[in-house]
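Participant: First the structure, then my questions, so here it is.
Each reported figure results from applying straightforward, stated rules to the coordinates on display, with no laboratory input. Given the structure is predicted, the values throughout are model-derived calculations rather than measurements. For neighbour counting, all protein chains shown are included, and Cβ atoms are generated from backbone atoms with ideal geometry for every residue, glycine included.
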Amino acid sequence: GGVYRTTNGGYNWHALGQVGGSGQPNIIYMFDKNLGFVIHNPSYGMRRTTNGGFNWTYMAGEYFTGIQFVDSLTGWKTYGGVKKTTDGGLTWVSQTLPILPHYWVTSYVFALNKDTAWVVGDDWSNGPIYKTTNGGSNWGYQLTDTSIHTTYYDYIYFANKKTGWAKTSSYHSEIHTTSGGSDTTYYTGIKLVEEFTPKEYSLGQNYPNPFNPSTNIPFEIKNGGYVTLRVYDITGRMVKELMNGRWGRGSYVCDFDGSGLPSGIYIYRLMLDNAEQGVRKMIYVK
């Protein structure tokens, strides 16, 4: 019968009819009595209502497995990644997550307020929890205790900034924190330029070059894996590690700040799953 609506606490329900596609959404989220979203499956996409479900607008190319708003304008949703809206769900902007930004890593999001939100999904063997404390400008990750052998979590909830729970249905496992989780690791100098599947792995020439004191290092990843990007001096001594973790496919730019280093020639090297993907030189001139 589609979607039903109650206005008296569930004593009576009124049929609103089918909602596009198959007409039978299996996820419905209402922020308030007017604003809400439904989805049946990715084949039919997401739909949005602003009048309590009487009318629904199809949102082409948008899907979700988890969704939450903190006010009528600001919200996050997950579906193989994280997106944020600041206009009530009319438009959505992708968020860049660390470690595995484009694997199927996100199944549920919980937003405590405009600044603080957590995301869970499938990633490392001990199930990381992603966190932002600045409204999504930067996302870090937290790792659960190594004794907890859970590869993913599919639900998370916080009562306040310190007290929260996450669970996984497959392993019937639940974790609890009273400190906001473990320390949060942030990658702040790496950004996704474009999400696509490159034809090959490549390490581009830094720009500007020569540079003072910072420069950009572009690279492309054909398939996801464990990535390291390190900078060495001319003697082969490592002076800075820019990346060390799992990343998904796409085109990236990494910022390197040479402040504190002497002028000279430096070498940067990209490795994927312990296999070298490229080595280049750059010149630092103070």
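Participant: By how many nm would the segment from R269 to A15 grow when fully extended, if each residue of separation counts as 0.36 nm and the alpha-carbon distance is taken off? Walk me through the numbers before you get to the answer.
Facilitator: Numbers: separation 254, 0.36 × 254 = 91.44 nm, distance 6.11 nm.
Taking 0.36 nm per residue and subtracting the Cα distance, the gain is 85.3 nm.
Participant: Report relative contact order for the chain in percent, whole number only (criteria: Cα-Cα under 8 Å, sequence separation at least 6).
Facilitator: Once divided by the residue count of the chain, the mean separation gives 10 percent.
Participant: A further question follows. Could you state the principal axis extents of the C-alpha atoms in region 232-286, from the largest down, to the nearest angstrom?
Facilitator: 35, 20, 15
Participant: Considering the chain as a Gaussian network with a 10 Å cut-off on Cα pairs, which listed residue, F211, F64, F110, attains the greatest mean-square fluctuation?
Facilitator: Answer for the Gaussian network model of the chain: F211.
Participant: Residue by residue through region 210-227, which ³J(HN,Hα) values in whole Hz follow from phi under the Karplus form 6.51 cos²θ - 1.76 cosθ + 1.60 (θ = phi - 60°), with glycine and proline marked x?
Facilitator: x, 9, 6, x, 10, 8, 10, 10, x, 7, 10, 10, 6, 10, x, x, 8, 10
Participant: A follow-up question, please. Could you give the nm distance between label points at D32 and T6, where each point is 7 Å from its Cα heading toward the beta carbon?
Facilitator: 2.2
Participant: Taking Cα extents along the principal axes in Å straight from the coordinates, which label in [x] 56, 41, 40; [y] 58, 37, 36; [z] 77, 39, 30 is the correct one?
Facilitator: [z]
Participant: Would you mind working out the magnitude of the charge dipole of the chain relative to its Cα centre, with +1 at each Lys and Arg C-beta and -1 at each Asp and Glu C-beta, to the nearest 20 Debye?
Facilitator: Approximately 280 debye in magnitude.
Participant: Which value in nm describes the separation of the simple spin-label points at K161 and I234, placed 7 Å from the Cα toward the beta carbon?
Facilitator: The two pseudo-label positions are separated by 4.9 nm.
Participant: Can you give the FRET efficiency to the nearest 0.05 for A60 and T151, using r as the Cβ-Cβ distance and R₀ = 35 Å?
Facilitator: On the way: r = 33 Å, r/R0 = 0.93.
So, using R0 = 35 Å, E works out to roughly 0.60.
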